[in-house]
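Written below as C-alpha cells is the structure these notes are about.
The values are calculated or read from the model by the stated rules, or taken from the named source; none is laboratory data. Since this is a predicted model, take the numbers as computed values, not measurements. With ideal geometry, Cβ positions are generated from the backbone for all residues, glycine too; neighbour counts draw on all protein chains shown.
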Amino acid sequence: MKSIVEVEINKPRREVATLFADPSNNPKWMKDLKRYEPVIGDQGKPGSQYRLIPKKGNMIFLATVLSRKPDELRLNLEASNVNVSVTGKLEALSPKKTKLISEEVFTFKGLFNTIFGLFAGKSIKSVHRRHIEDFKHFAERS
C-alpha cells in the first residue's frame, strides 16, 4: 500500500530539511509519539538507527536512515508486522516556501497483517496526512 502527502511549508528549503532530518524533533510534531531512542550511528545520518516509541500501543518502529541529501530523506521503518519505506522530498517553491512530498510504502508481514492492512488503508493514510500536516505546523513555528 502506498500513501503520498504533499504540503507547502512557509520556510526555506534548507531550514525544512534540517528540521525534517533530525529524529530528535519527531516527538515535537508527532503527537502520538512518546519518544525517540537513538540506537546506533550519528543520528539523522545514513546508517544511523533509532526507535520510535508510541504513547499508546506496542508497535515500536526501528528506523534506519538510508540516505540524506539536501532535497531528499529516505528511511526504512521496521516493526513486527510491517515495514514502511519512507521518502521525503523537498522542493523550493520560492526563497521562503518549500513543498514537502512524503511517500510511504507499506509492506505487511504475513497474510493476517496483509488483510488487516487492506481494511485499515484509509485510516493509515489519514494518520500519514495528519503527521505531515503536524510537521508543517511545527516547521513554520520553529
Inspect the range 96-116 for any residue being in a strand (DSSP E or B), free of Cβ contacts under 8 Å to residues at least 24 places away in the same chain and over 18 Å from Gly57 (Cβ atoms) and give the result as yes or no. no
Applying the selection to the range 14-41, what residues are of a type in the set (A, V, I, L, M, F, W, C) and either under 13 Å from Leu52 (Cβ atoms) or over 11 Å from the mean Cα position of the chain (by Cα) (or both)? Val16, Ala17, Leu19, Trp29, Met30, Leu33, Val39, Ile40
Mind telling me which of the residues Ser67, Ser123 ends up being in a strand (DSSP E or B) and surrounded by fewer than 17 Cβ atoms within 10 Å (Cβ to Cβ)? Ser67
Only residues that are farther than 20 Å from Pro54 by Cβ and modelled with pLDDT under 95: list them for the range 123-142, please. Ser142
Among (1) surrounded by 14 or more Cβ atoms within 10 Å (Cβ to Cβ); (2) without any contact (Cβ under 8 Å) to a residue 24 or more places away in the chain; (3) under 18 Å from the mean Cα position of the chain (by Cα); (4) not in a strand (DSSP E or B), where does Lys89 come up short? (4)
